[in-house]
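Single-structure report; data block below.
Read-outs: derived from the displayed coordinates by stated rules, not from any lab. All figures in this text were calculated on a predicted structure; none of them were measured in a lab. In this analysis, Cβ positions are derived from the backbone assuming ideal geometry, glycine residues included, and neighbour counts consider all displayed protein chains.
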């Protein structure tokens, strides 16, 4: 059935032989994962290596790695590596996996992408920059913009802050009068009553210059 299938069969044969000799605890000590997790990860690791090195079509790699279809292959990669991408360029569809990791001790991210996404790499990186808000400037002063928004009839401080968070992607906006934020803080702090606006602003000082992310996390907690 081809060298890729033979590699996978050999990998599983080695796993079965090891499992016959070693109990689960010894296997975990040796490989760092349980036998079941090892068996589940082997096809993914094999396919990822082929994506990087072999230059084969995704469909060929997916089928010969035992996934049965490209859809199952993409689902497995999305579940393991947390991100699957599909982009269109010049009428062609490009799909593949993307892995984003932090660099310990550095203010940077490491990005690994499937070879199939190289033709649309600028678009992929653009989406990643937008997803992680990498172009934001935490020192930028958006107060003037928010003051201008507040002068629009019907737009108050709460609306201006929400626009700054959602539309302007300003990292330090904080709609402290929002009911959801009040409720989240009441629950999180175990209070009998909603915290006063002054108390909320006092708490939020510790979150500068990233108060927008604090607001998003408080909303998500509800």
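Quick look at the numbers
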item	result
Modelled FRET efficiency - R0 25 Å, residue 107 with residue 162, Cβ distances, 0.05 increments	0.35
Fewest-first ranking of 192, 135, 172, using other Cβ atoms within 10 Å as the exposure measure	192, 135, 172
Label point distance in nm, residue 179-residue 133, each placed 7 Å from Cα along Cα→Cβ	2.5 nm
Label point distance in nm, residue 151-residue 169, each placed 7 Å from Cα along Cα→Cβ	2.7 nm
Pairwise FRET efficiency - residue 60 versus residue 201, Cβ, R0 = 45 Å, nearest 0.05	0.20
